[in-house]
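The next block holds one structure in the form of C-alpha cells; read it before the comments.
The values are calculated or read from the model by the stated rules, or taken from the named source; none is laboratory data. The structure displayed is predicted, hence computed values, not measured ones. Heads up, the Cβs are rebuilt from the backbone with ideal geometry, glycines too, and the neighbour counts pull from every protein chain shown.
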C-alpha cells in the first residue's frame, strides 16, 4: 500500500523562482525527448517500408526469404474497446480529478473524458459501460491511497479528490 505524504504550505521567496526554472528545464527536456521519439518512430516506419519493398522485389526474382531473415513484426499495443492503451484511462481519470476545482463524481469524470475523446454520448449502453470503467478505475486508485472520498455519499454519488490535496 502506498504511503501518504503530507504536503507543506507553499514556499515563498527565491525557492519559487528556482522551482520555476527547474520545471521549465524539465519541460524543455521532455519536449526534446518527445521530438526525438517522433523522429525515431518515423525512421523505423521508413526502414520497415524499405525492407518490405526489397523483399517484394526479391520475390519477383524467385528469391524466398528464409525464416531467420524475415523482418520482425511490428509491436501492436492492445487497446480496450474504447480505444485506450494500458493505463491510459487511469491516467486520464486521475488528471480530471486532480484538475477539478472541487471533488467530483465518477459520472462527471466519465462524461468529461467521453467529450475529450469524442465518444458517442448518445449511445446509452456505451455511456453506462464507460461510467462503470471510470468508477472501477477510481476505486482501484482509492484502494492504493491515491484518491480519497469526500463526504458521506457512496457509490455513484460519492465525490473524489486526490489524496493530500
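I'd like the full set of residues that are farther than 19 Å from residue 89 by Cβ and either free of Cβ contacts under 8 Å to residues at least 40 places away in the same chain or touching a strand residue (DSSP E or B) at 6+ places or on another chain (Cβ under 7 Å) (or both), limited to the range 129-162.
148, 149, 150, 151, 152, 153, 154, 155, 159
Quick one: residue 136 ticks every box in (1) assigned to a loop (DSSP other than H, G, I, E, B); (2) more than 15 Å from residue 165 (Cα to Cα); (3) over 13 Å from the mean Cα position of the chain (by Cα) except a single one, so which number is it?
(1)
Can you pull out every residue in the range 48-73 that is in contact with a helix residue (DSSP H, G or I) (Cβ under 7 Å, 6 or more places away or on another chain) and modelled with pLDDT under 70?
Listed by number, the list holds a single entry, 71.
Of the residues 107, 119, only one is in a loop (DSSP other than H, G, I, E, B) and surrounded by 13 or more Cβ atoms within 10 Å (Cβ to Cβ); which? Quick ask: steps written out before the conclusion?
Values: 107 fails: in a loop (DSSP other than H, G, I, E, B).
After applying the criteria, what remains is 119.
Condition first: at pLDDT below 80 and either in contact with a helix residue (DSSP H, G or I) (Cβ under 6 Å, 6 or more places away or on another chain) or surrounded by fewer than 10 Cβ atoms within 10 Å (Cβ to Cβ) (or both). Can you find one or more residues in the range 92-104 that meet it? Don't jump to the end; show me each part of the working.
The initial filter retains those residues of the range 92-104 that are at pLDDT below 80, namely none.
No: zero hits.
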